[in-house]
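Student: Right, I'll just put the structure down here and ask away after.
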Amino acid sequence: MQYRKILFVIDVMNPGGGAQKVLPYLLRILQKNGVQVHLIVLKKTTEVVPLDDLSVDYILPNRETRLLENTFKILDTLTREAKNFELICSFMDFITCYFVALSSRLAQIPYYTFVRCEPSFVVETFPYKHVNQDLYSLCLQNAQKVICNSKSSSVDIMKNFGVLEEKIFLLYNPIDIQQIQKDSRKTIELPIKKQGEIFCVSVGRLNPQKNYLTLLKSFLKLQDLRIKLFIIGEGEQKQEMEKFICEHYLSNVILLGYQNNIYPFLAQADIFVHGSLYEGFPNVVLEAACLKKPLVLSNIMPHKDFFAARGALFFDPENVDDLAAKIRDLACNQQKRDHLAKEAFSVVQDYQGENFEKQLWEIFNITNFSVNEQ
């Protein structure tokens, strides 16, 4: 069936998240192709990504409002709105998916769910993990289509959540190489690089998933080199990381906090490091590759999906010595850095926006109907 009226649901639209970056791009493509789209955001945050040309409503007034305490308000709002559409889509995992699945049944319309992570890793962090495992399995299995943003997440939901292969579609996040390169040239205040220094950059939320403590420990072993680590991001682990840096006198590590434009920092980097324990689609890794940066990556499947053949050095995310050795190897070898950077850039060219749009047409059964049709 070809859907022309589609409702999307996400938990928050604050800047910095991969889903929040991709969703407006996706909505605009559907809108351009004549699909009526509307977005409902469960919680309004102080800052949101630009959505001025899109139809958007918020249910709860601020991020601090708890979702479960407002379950019936959320379900009532979603269900009433869903009755005006032909399809409802969840664009975030677990609780957002639960609300969409229930609203779909109440409104008697089908639903798609987008999987943005490897759910089996995430469910292990929940207090009631068995309930969430079963409930998410039920929601995924009853979706008309399940759209994953990496091969590893599609394998995960088949193996651990019982989703049939024929329901699963792969939709890699789009990468706009030209825009990233343009944004990297914008003038902002950057760290001053002294002659002979090597800059290492890592980007992501400061939380256990991103494995920053292993990265910090590796830099204890690199203090004999003229190398600095810059970490861009905010999160609940910030104080713990600051304490570690202070207690170990890590003068070669600088926390830069959240940055509106990360690309000039990436452009200045000599090495990009991403040490996550699990991921969905590793957006920032491919963005670093757009700027021709050599990559040092944890050996998780979402990283290896893209760069196993070329463009990166891989390390065991639980092995501090392995990570330190890989960074040292690149820091001391300009020729190897240049070679890896060239290879990484060749990989990322396969994931530009044109491919994303074609995949989107297939998923939503878009044919060339007129954008002026009623």
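The values are calculated or read from the model by the stated rules, or taken from the named source; none is laboratory data. The shown structure was predicted, so the numbers you read here are calculated from the model rather than taken from an experiment. Cβ atoms come from the backbone with ideal geometry, glycine included; neighbour counts cover every protein chain shown.
Student: Here is a list: 43, 73, 5, 83. Which entry is under 30 Å from residue 203 (Cβ atoms) and basic (Lys, Arg)?
Tutor: 43 is the lone residue from the list that is under 30 Å from residue 203 (Cβ atoms) and basic (Lys, Arg).
Student: Can you tell me which residues in the stretch 109-144 are part of a strand (DSSP E or B) and in contact with a helix residue (DSSP H, G or I) (Cβ under 6 Å, 6 or more places away or on another chain)?
Tutor: Of everything in the stretch 109-144, those that are part of a strand (DSSP E or B) and in contact with a helix residue (DSSP H, G or I) (Cβ under 6 Å, 6 or more places away or on another chain) turn out to be 111, 113, 115.
Student: Restricting the search to the stretch 93-132, which residues are under 21 Å from residue 171 (Cα atoms), touching a Lys or Arg at 6+ places or on another chain (Cβ under 6 Å) and at pLDDT below 95?
Tutor: 93
Student: Filter the stretch 42-94 for residues that are of a type in the set (A, V, I, L, M) and free of Cβ contacts under 8 Å to residues at least 60 places away in the same chain and give the result.
Tutor: 42, 48, 49, 51, 54, 56, 59, 60, 67, 68, 74, 75
Student: So, one more: Quick check on my filter: what residues within the stretch 183-196 are surrounded by 10 or more Cβ atoms within 10 Å (Cβ to Cβ) and closer than 17 Å to residue 228 by Cα?
Tutor: Passing the criteria: 190, 191, 193.
Student: If you take the residues of the stretch 125-157 that are of a type in the set (A, V, I, L, M) and farther than 16 Å from residue 302 by Cα, which of them is surrounded by the fewest Cβ atoms within 10 Å (Cβ to Cβ)?
Tutor: Among residues in the stretch 125-157 that are of a type in the set (A, V, I, L, M) and farther than 16 Å from residue 302 by Cα, the one surrounded by the fewest Cβ atoms within 10 Å (Cβ to Cβ) is 131.
Student: Looking only at the stretch 239-250, how many residues end up being touching a residue at least 24 places away in the same chain (Cβ under 8 Å) and surrounded by fewer than 17 Cβ atoms within 10 Å (Cβ to Cβ)?
Tutor: Residues in the stretch 239-250 being touching a residue at least 24 places away in the same chain (Cβ under 8 Å) and surrounded by fewer than 17 Cβ atoms within 10 Å (Cβ to Cβ): 2 in total.
Student: Checking residue 222 against (1) surrounded by 15 or more Cβ atoms within 10 Å (Cβ to Cβ); (2) farther than 30 Å from residue 334 by Cα: exactly one of these is not met. Which one?
Tutor: (2)
Student: Moving on to the next point. Out of the residues in the stretch 32-48 that are outside any strand (DSSP E or B) and over 18 Å from residue 60 (Cβ atoms), state the one that is farthest from the chain's Cα centre (by Cα).
Tutor: 34
Student: Follow-up question, since we're still on this one. Looking at (1) in contact with a Ser or Thr (Cβ under 6 Å, 6 or more places away or on another chain); (2) part of a strand (DSSP E or B), which one does residue 305 not meet, given that it meets all the others?
Tutor: Against the list (1) in contact with a Ser or Thr (Cβ under 6 Å, 6 or more places away or on another chain); (2) part of a strand (DSSP E or B), residue 305 comes up short only on (2).
Student: Answer yes if at least one residue in the stretch 197-217 is over 23 Å from residue 16 (Cα atoms) and surrounded by fewer than 20 Cβ atoms within 10 Å (Cβ to Cβ), and no otherwise.
Tutor: Within the stretch 197-217, one or more residues are over 23 Å from residue 16 (Cα atoms) and surrounded by fewer than 20 Cβ atoms within 10 Å (Cβ to Cβ).
Student: Take the stretch 289-301 and flag every residue that is part of a helix (DSSP H, G or I) and surrounded by 23 or more Cβ atoms within 10 Å (Cβ to Cβ).
Tutor: If the condition is that a residue be part of a helix (DSSP H, G or I) and surrounded by 23 or more Cβ atoms within 10 Å (Cβ to Cβ), then 289, 290 are the ones that fit.
Student: Any residue at all in the stretch 15-31 that's within 19 Å of the chain's Cα centre (by Cα), among the small types (Gly, Ala, Ser) and in a loop (DSSP other than H, G, I, E, B)?
Tutor: Looking for residues that are within 19 Å of the chain's Cα centre (by Cα), among the small types (Gly, Ala, Ser) and in a loop (DSSP other than H, G, I, E, B), one finds at least one in the stretch 15-31, hence yes.
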